[in-house]
Amino acid sequence: MNLTHFRAWTFAGLYALVVAAPAHAADEAFEFWLNPSISVDLDSDTGLELETAQRLRSEADGRVDTYFARLWLTQALADNVTLGGAIERRINDGASNETRLMQQLSTKHGLLRTRLRLEERFVDGTGRMGLRLQPRLGVAVPLDTEGRWSFYTNAELFFTLKSTSVGGDDGLTGLRTQVGTSYAASDNLSLSLTYLRQQDFKDAGSDQIGHVPLVGIEFSF
């Protein structure tokens, strides 16, 4: 194993320790997420993607199911840099629905992966725009010589710059960590299985934590 791979696996091990650490004063629950998407290239540098999600939760835990459809337009600025913008409609079963606008910049540097996302959030009936910044850092490690199998892990912070409600929480309001594998079944189909841990930090009361198996299905034309 070379030094680069050693650093990557060390990062993954440290990540696993963080995930396994017990949370203080937290409300924890099990969830199940599906993330199917389809994409098409408009030219050699520009792409269009329809991303959907079905996030299934337990009503007994006081958490609502969420469904969204998100339309992305992406532009490759370089071989390792991609700029994207999206509009999303989000349905929260039993809670207020929401429309979001997103802008993000993604980069690749060897095994290292970065993403910086800005979200404008419009919750139905509030008449107020929320603003959130989400930096993400991770690694992706190929597991075979053909490049079909890969391991990945990342951590993403949620900084609420402006709450969607007057008096709502702001500042650092969440942390999402992921570890998983992906498999390129063909040139058009990619599958992934991920463990995701979502922690929402609460100024008043216990943090809310979700433990999530996430299944991803990506099809490209």
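Derivation of every value follows stated rules applied to the coordinates shown; laboratory data play no part. What you are looking at is a predicted structure, and each value in this text was computed from that prediction instead of being measured. Neighbour counts are summed over all protein chains in view; Cβ atoms, including those assigned to glycine, are modelled from backbone coordinates with ideal geometry.
Per-structure values
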read-out	value
Taking the C-alpha atoms of the stretch 3-220, convex hull volume expressed per residue in Å³	128 Å³
Along principal axes, Cα extents of the stretch 95-221, largest first, whole Å	53, 33, 28
12 Å beta-carbon shell around residue 136, net charge (K/R +1, D/E -1)	+3
Cut-off 15 Å between beta-carbons: net charge of the residues surrounding residue 96, Lys and Arg +1, Asp and Glu -1	+1
The chain - percent relative contact order, Cα under 8 Å, separation 6 or more	17 percent
Formal net charge of residues neighbouring residue 38 (Cβ-Cβ distance under 10 Å; K, R +1; D, E -1)	-3
